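The values are calculated or read from the model by the stated rules, or taken from the named source; none is laboratory data. This is a predicted model, so every value here is computed, not measured. Quick reminder, even Gly has a Cβ in these numbers, built from the backbone with ideal geometry, and neighbours come from all protein chains shown. Side chains are part of the model used for accessible areas, which takes the heavy atoms of the whole protein and leaves out ligands, DNA and RNA. Shrake-Rupley method; radii C 1.70, N 1.55, O 1.52, S 1.80 Å.
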Amino acid sequence: MPRYHNINGTNVQFTEAEEIARDLEEKNWSDNALNRALETLRSKRNNLLIETDYLGLSDATLTSAMTTYRQALRDLTNGLDTVEKVEVVKFPIKPSE
């Protein structure tokens, strides 16, 4: 199926070179889906870790439940090799401090 540009209100069919370039862009987007999904997951995970970083200071006590929680967050991306696996990840529940 041919693709078109809208140029000044007129549909103009892609040239062969534009079709090839667009196909390559779409392939690259598809090929990088896992990396994008992992980046989103890591960003959320990192924010959750930041929320509890202060507990690692010398004047705060890190409970075993909090240690387990933080380790579970760090291990969250282990074994994630498909977008489908990333999409069903369940974050651990933060224990009370």
Some residue of region 87-97 being of a type in the set (Lys, Arg) and either part of a helix (DSSP H, G or I) or open to solvent by less than 60 Å² (accessible area, probe 1.4 Å) (or both): no
Test for Leu80: is it modelled with pLDDT under 95, surrounded by 12 or more Cβ atoms within 10 Å (Cβ to Cβ), at negative phi and in contact with a helix residue (DSSP H, G or I) (Cβ under 6 Å, 6 or more places away or on another chain): no
Selection within region 24-71 - over 12 Å from the mean Cα position of the chain (by Cα), under 22 Å from Val83 (Cα atoms) and not aromatic (Phe, Trp, Tyr): Leu24, Glu25, Glu26, Lys27, Asn28, Ser30, Asp31, Asn47, Leu48
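Go through region 55-77 and give me each residue that's part of a loop (DSSP other than H, G, I, E, B), open to solvent by 40 Å² or more (accessible area, probe 1.4 Å) and within 19 Å of Arg36 (Cα to Cα).
Taking region 55-77 and keeping what is part of a loop (DSSP other than H, G, I, E, B), we get 57-63, 75-77.
Narrowing the set further to residues that are open to solvent by 40 Å² or more (accessible area, probe 1.4 Å) leaves 57-59, 61-63, 75.
Of everything in region 55-77, just one residue is part of a loop (DSSP other than H, G, I, E, B), open to solvent by 40 Å² or more (accessible area, probe 1.4 Å) and within 19 Å of Arg36 (Cα to Cα), namely Asp75.
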Any chance Arg22 is of a type in the set (D, E, K, R), touching a Ser or Thr at 6+ places or on another chain (Cβ under 7 Å) and open to solvent by 50 Å² or more (accessible area, probe 1.4 Å): no
Complete set of residues in region 45-67 that are of a type outside the set (Asp, Glu) and without any contact (Cβ under 8 Å) to a residue 24 or more places away in the chain: Asn46, Asn47, Ile50, Tyr54, Gly56, Leu57, Ser58, Ala60, Thr61, Leu62, Ser64, Thr67
Any hit, region 35-44, residues being open to solvent by less than 80 Å² (accessible area, probe 1.4 Å), in contact (Cβ under 8 Å) with a residue 12 or more places away in the chain and either touching a Lys or Arg at 6+ places or on another chain (Cβ under 6 Å) or not in a helix (DSSP H, G or I) (or both): no
Unmet criterion (only one of (1) among the hydroxyl-bearing types (Ser, Thr, Tyr); (2) surrounded by 11 or more Cβ atoms within 10 Å (Cβ to Cβ); (3) not in a helix (DSSP H, G or I)) for Thr52: (3)
